[in-house]
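Encoded as structure tokens, the structure appears first; notes follow it.
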Amino acid sequence: MQAKAAVNQKTGNTLNNAFASNFAKSMFLSVTALAVLSFIGTRMFTHVDLNLYGYMVGTIVFLGGFFYRFIAWGERPPTKIILKKGLKLLFRKSTPKTSVEHLATYNFIWNRGIYRWTQHVLIGWGCILSCFVTFPLVFGWMYFTMDDNGYYNIIALGMQVMTVPADGIIANLSYNALNITAVMVIVGVCMALYRRLKNMQARAEQKFLYDFLPLYMLLLVSITGLALTFMNIFLHGAGQPAMSLIHQWSVIITLIYLPFGKLAHIPFRPMSVLARNYREHYAEQDMKECKVCGDQFVSSEQSQDVVDVLGVNDIQFKTKEGHHLAEMCLPCRRKYRIAQFSGFPTHEVKVKEANQNAKG
Amino acid sequence: MKKRLYLELENCIGCRSCLAACTQCGGHEERNRNYVYDVNPLVNRQTMPLMCLHCENPACARSCPAQAIQIHETGAVLSALVEKCIGCQNCTIACPYGIPKFDTEQNLMYKCDLCIDRTKDGIPPMCASVCPSNTLQWLTDEEIENKKKQFNLDNGKWVTSMPYLEGETNVKVNLPGILQGITKLY
Ligand code: HEM
Ligand code: SF4
Ligand code: SF4
Ligand code: SF4
């Protein structure tokens, strides 16, 4: 937070001006779009389901928070650079592969540990699939019809996609889709909670609001959702209205919380694909050579971008040799500092740095 | 009582205990975040540790597009948040001392977090706890002030602080022995 505040301070008024108008513009467009969609969807507001009124208010508050956070964030100098240059490079050949690995299969989390990967696949995909099922159903983009012969038709956007036996696997999967995803989320969240309570690595700097609240919220949403099914099937709908309200309330709170806490990584994360493209593309263009040893250690573009971003923050880092510290590769930059401490030019001794990684 | 990490660089005997200790702090996933360098490797055995100095205006955090590097209320500049770091490596280019390390497999930056797991409760960081030569110490501002007086340098400068560093830092650095040409009693 401190970091953000200081950056905002530095860029001063221009940022605030842009912020106010961008925010107003995005908010206005979204609310208008929502209103138009609702108008059409509810056939000129003749079929408003007041049970879903809460979701509507929740969605609008969520949008407010979302734009507030995202516009402020997109205006930070380093973020702006990656967003702008990354979007231009969106259509690289490697984009589909990078996107799948970063956003769908989470290969990099696998490398952090199989437990962490399993946990995240269950939570992430549980949530994404739930949204894929819920939104089309709520907005009427998808529905089911039953033929006399015991077959079910799955209809998406008015087109008949599939006809399946009503007691077949696919039919059962679709009736139970939300129950399955709810169980996925519950298992994933329990794994995360267990890790947060037991694992010394995860426990080191966790906070209730940042690390536990989102987990409890996801748990509440999933459990109340499952409870609805349970009440329908086994209690013949007893207690359903009350549970439905609790479920609705938990979804709304989660939505409102989303742009501010840990869950904000969901909409932010696709930027990792932009960052990867940015690094790959400019590395092919031209590499920066270390001012001391000549090793190519980063693309010239990124090197210059970082120098510029630091400049915006009034950080210069000029050396007495006349270049910027960011123009030295990492080992040389470290040896250069030792040289400043000792007075002996360590960085000019042509010896590779000793191994700096201890085995824990 | 707020304490700081304080370094007396030339005390270093090159045992690399601090590297090993660093792997053991909570949240470190058994990877160390500090360095030990030979000052003049072909000539003598003098070594010096290189630590994150926890800058008051940290270049690493300023250059991070994902706001993954947070500043703790104690002033410690933390390691990247695991769900936020997008792997751009800006921070490694920006840091004036070349501190942040990057794991390409995990697409994640990691750096010294001043053992926040310990220091937030006033426990000394791992590296300072194990250092056998008093190179790394965990001291109050008052104690650091006394050190400053004790090493009454000719030029009146606290030689490895400003303007000799790139900016104000939360960690304080000193090299009293070398500059005064005295033999030290530990
Ligand atoms: C866009 C795709 C997504 C990416 C790239 C992504 C990435 C990540 C990463 C890298 C972590 C840190 C994991 C670790 O190192 O252990 C994380 C944690 C987490 N993610 Fe995601 N995520 C995505 C989508 C989602 C979705 C849809 C949800 C569902 C709400 C979600 C919920 C969580 C939660 C709750 C945690 C914290 C787990 C804990 O307490 O340790 N993520 N995510
Ligand atoms: S020394 Fe480098 S890594 Fe440490 S706070 Fe300063 S800029 Fe960041
Ligand atoms: S590598 Fe991670 S922590 Fe470093 S600047 Fe990029 S996003 Fe931030
Ligand atoms: S303070 Fe902690 S994290 Fe930083 S170098 Fe020392 S042991 Fe490692």
query: In the list B:125, B:100, which residue meets the criterion of being crowded, with 21+ Cβ neighbours inside 10 Å, within 11 Å of chain A (Cβ to nearest Cβ) and either over 26 Å from residue A:333 (Cα atoms) or under 16 Å from the mean Cα position of the chain (by Cα) (or both)?
result: B:100
- prompt: (1) within 17 Å of residue B:114 (Cβ to Cβ); (2) at pLDDT 90 or above; (3) surrounded by fewer than 24 Cβ atoms within 10 Å (Cβ to Cβ); (4) more than 9 Å from chain A (Cβ to nearest Cβ): which one isn't true of residue B:52, the others all being true?
  reply: (3)
- prompt: Has region A:325-338 got any residue that is out of contact with any Lys or Arg (no Cβ under 9 Å at 6 or more places or on another chain) and either more than 27 Å from residue B:22 (Cα to Cα) or outside the structural domain of residue A:291 (by the TED database) (or both)?
  reply: no
message: Looking at region A:207-224 only, could you name the residues that are within 17 Å of the chain's Cα centre (by Cα) and charged (D, E, K, R)?
response: A:211
- request: Consider residue A:332 carefully, then state whether it is surrounded by 15 or more Cβ atoms within 10 Å (Cβ to Cβ), touching a His at 6+ places or on another chain (Cβ under 7 Å) and under 17 Å from residue B:102 (Cβ atoms).
  value: yes
message: I'm trying to understand the selection: among the residues of region A:195-210, which are within 11 Å of chain B (Cβ to nearest Cβ) and of a type in the set (Lys, Arg)?
response: A:203, A:207
- prompt: How many of the residues making up region A:176-194 are over 23 Å from the mean Cα position of the chain (by Cα) and exposed (fewer than 14 other Cβ atoms within 10 Å of the Cβ)?
  reply: 1
Residue list for region A:215-230, filter: in contact (Cβ under 8 Å) with a residue 24 or more places away in the chain and touching a helix residue (DSSP H, G or I) at 6+ places or on another chain (Cβ under 6 Å): A:215, A:217, A:218, A:219, A:220, A:221, A:222, A:224, A:225, A:226, A:229
Members of region A:77-129 found to be among the aromatic types (Phe, Trp, Tyr) and on the phi > 0 side of the Ramachandran plot, listed by number: A:106
message: Among the residues in region A:303-324, are any within 36 Å of the chain's Cα centre (by Cα) and hydroxyl-bearing (Ser, Thr, Tyr)?
response: yes
message: Going by what's in this entry, would residue A:264 be described as in contact (Cβ under 8 Å) with a residue 60 or more places away in the chain, surrounded by 20 or more Cβ atoms within 10 Å (Cβ to Cβ) and under 30 Å from residue A:221 (Cα atoms)?
response: yes
message: Restricting to region A:341-360, name every residue that is within 7 Å of chain B (Cβ to nearest Cβ) and out of contact with any strand residue (DSSP E or B) (no Cβ under 9 Å at 6 or more places or on another chain).
response: A:344, A:358, A:360
Residue that is over 22 Å from residue B:64 (Cβ atoms), among the charged types (D, E, K, R), in contact with a strand residue (DSSP E or B) (Cβ under 7 Å, 6 or more places away or on another chain) and free of Cβ contacts under 8 Å to residues at least 60 places away in the same chain, where the choices are A:289, A:321: A:289
- prompt: Can you spot a residue in region A:273-287 that is buried (at least 18 other Cβ atoms within 10 Å of the Cβ) and at pLDDT below 95?
  reply: no
statement: Only one of (1) under 25 Å from residue A:268 (Cα atoms); (2) facing chain A (nearest Cβ under 9 Å) does not apply to residue B:42, and that is (1)
task: Could you check how many residues of region B:18-70 are of a type in the set (S, T, N, Q) and near ligand 4 (Cβ under 10 Å from one of its atoms)?
output: 4
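Residue-wise test of (1) part of a loop (DSSP other than H, G, I, E, B); (2) touching a residue at least 40 places away in the same chain (Cβ under 8 Å); (3) among the hydrophobic types (A, V, I, L, M, F, W, C); (4) within 7 Å of ligand 1 (Cβ to nearest atom).
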| position | (1), (2), (3), (4) |
| --- | --- |
| A:85 | no, yes, no, no |
| A:90 | yes, yes, yes, no |
| A:93 | yes, no, no, no |
| A:101 | no, no, no, no |
| A:118 | no, yes, no, no |
| A:121 | no, yes, yes, no |
| A:130 | no, yes, no, no |
- prompt: So which of B:114, B:139 ends up being within 16 Å of ligand 2 (Cβ to nearest atom) and hydrophobic (A, V, I, L, M, F, W, C)?
  reply: B:114
task: Tell me which residues, restricted to region B:30-39, are within 9 Å of another protein chain (Cβ to nearest Cβ) and buried (at least 20 other Cβ atoms within 10 Å of the Cβ).
output: B:32, B:34, B:35, B:36, B:37, B:38, B:39
statement: Within region B:70-88, restricting to residues that are within 7 Å of chain A (Cβ to nearest Cβ) and near ligand 3 (Cβ under 8 Å from one of its atoms), the one that is farthest from residue A:297 (Cα to Cα) is B:84
query: Taking the stated definitions as given, is residue B:65 within 8 Å of chain A (Cβ to nearest Cβ), within 16 Å of ligand 1 (Cβ to nearest atom) and not hydroxyl-bearing (Ser, Thr, Tyr)?
result: yes
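The values are calculated or read from the model by the stated rules, or taken from the named source; none is laboratory data. Model, not experiment: these values are computed from the prediction. For neighbour counting, all protein chains shown are included, and Cβ atoms are generated from backbone atoms with ideal geometry for every residue, glycine included.
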